[in-house]
Amino acid sequence: MINLKNVNKYYQNGDSQFHVLKNINLSIDSGEFVSIMGPSGAGKTSLINVLGFIDRSFEGEYQFDGQSYDTIDDRTLSRLRNQSVGFVFQNFKLIQNNTILENVELPLLYGGMSKREAKPIVLEALEKVGLPNSATKIPNELSGGQQQRVAIARAIVHKPKFVLADEPTGALDSKTSSEIMAIFKKLNEDEGTTVLLVTHDKRVSEYGDRLITIFDGAITSDKQVEV
Ligand SMILES: Nc1ncnc2c1ncn2[C@@H]1O[C@H](COP(=O)(O)OP(=O)(O)OP(=O)(O)O)[C@@H](O)[C@H]1O
Ligand SMILES: [Mg+2]
């Protein structure tokens, strides 16, 4: 599904260049659960932004489902992003003035669905993340763990090809982290959702079937995890 070939990325800082991604070669198949670890500043979020079609200013090749998208225009790119990827962030990024229902339905409305069509699909997604009775609440009425469940529902509601989670448990205590990770694991095992997860926490990384380590912008290790 995902195929990066010799990807290099540079940030321009005034007249100096910072080489943030160094010759990345990476293949990810549909159905994988991949953990990405590495020190702060190693380039994990930069890599996620390339993978999630947010950042296209890099050198090298990104093939997605066999198609190279070097030459794609911005509209097609944003459509690809909206349809193919679900994002989960450390700080949830929910819209505070909107209800849970309104937060989770957004990817469906972007896809052209009416609110009436979206509603049962949203309720099903909320059920999957263990929040069956929260649709009319607003984010501030929920705990951090519950807000992250909402964010996961929003990330999967439109059945994207893969989910990118950047430190999804970074703001949560260890018990809540385990609950959130159990949801990712279940989505991966039961629904075949492809998950790419960045974490600083070794225990969180162990939910994945494959562990990639990034150091100074380069992949230094990439291995299947023994079960
Ligand atoms: N827009 C930018 N412009 C210039 N430099 C940047 C930019 N974004 C990130 N960097 C630099 O690139 C490096 C990698 O950043 P990145 O956010 O990818 O790291 P990370 O591995 O996600 O770190 P963390 O674990 O702290 O989230 C850092 O040194 C950072 O300062
Ligand atoms: Mg980061």
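The values are calculated or read from the model by the stated rules, or taken from the named source; none is laboratory data. Remember, predicted model here, so these are calculated numbers, not experimental data. As a convention, Cβ positions derive from the backbone with ideal geometry for all residues, glycine included, and neighbour counts pool all protein chains shown. To get the accessible areas, we keep the full protein, side chains included, count just its heavy atoms, and leave off ligands, DNA and RNA. Shrake-Rupley method; radii C 1.70, N 1.55, O 1.52, S 1.80 Å.
Residues that are among the β-branched types (Val, Ile, Thr) and assigned to a strand (DSSP E or B) within segment 1-46 comprise ILE2, VAL7, VAL20, ILE24, ILE28, VAL34, ILE36, listed in sequence order. The residue pairs whose first member lies in segment 38-53 and is without any contact (Cβ under 8 Å) to a residue 12 or more places away in the chain, whose second member is open to solvent by 20 Å² or more (accessible area, probe 1.4 Å) and part of a loop (DSSP other than H, G, I, E, B), and whose beta carbons are closer than 9 Å, counting only pairs six or more residues apart or on different chains, are GLY41/ASP216; ASN49/ASP55.
The rows are residues; the columns are (1) open to solvent by less than 60 Å² (accessible area, probe 1.4 Å); (2) more than 26 Å from VAL150 (Cβ to Cβ); (3) away from ligand 2 (no atom under 16 Å from the Cβ); (4) at pLDDT 90 or above.
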{"site": "LYS9", "(1), (2), (3), (4)": "yes, yes, no, yes"}
{"site": "ASN25", "(1), (2), (3), (4)": "no, yes, yes, yes"}
{"site": "GLY43", "(1), (2), (3), (4)": "yes, yes, no, yes"}
{"site": "VAL50", "(1), (2), (3), (4)": "yes, yes, no, yes"}
{"site": "PHE53", "(1), (2), (3), (4)": "yes, no, yes, yes"}
{"site": "PHE89", "(1), (2), (3), (4)": "yes, no, no, yes"}
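A quick yes/no check of all residues on (1) among the β-branched types (Val, Ile, Thr); (2) more than 20 Å from PRO107 (Cα to Cα); (3) more than 16 Å from ligand 1 (Cβ to nearest atom):
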| site | (1), (2), (3) |
| --- | --- |
| GLY145 | no, yes, yes |
| ILE152 | yes, no, yes |
| ALA171 | no, yes, no |
| GLU189 | no, yes, yes |
| HIS200 | no, yes, no |
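Screening segment 161-172 for residues that are in contact with a helix residue (DSSP H, G or I) (Cβ under 8 Å, 6 or more places away or on another chain) and open to solvent by 20 Å² or more (accessible area, probe 1.4 Å) and picking the one that is nearest to ILE36 (Cα to Cα) gives ASP166.
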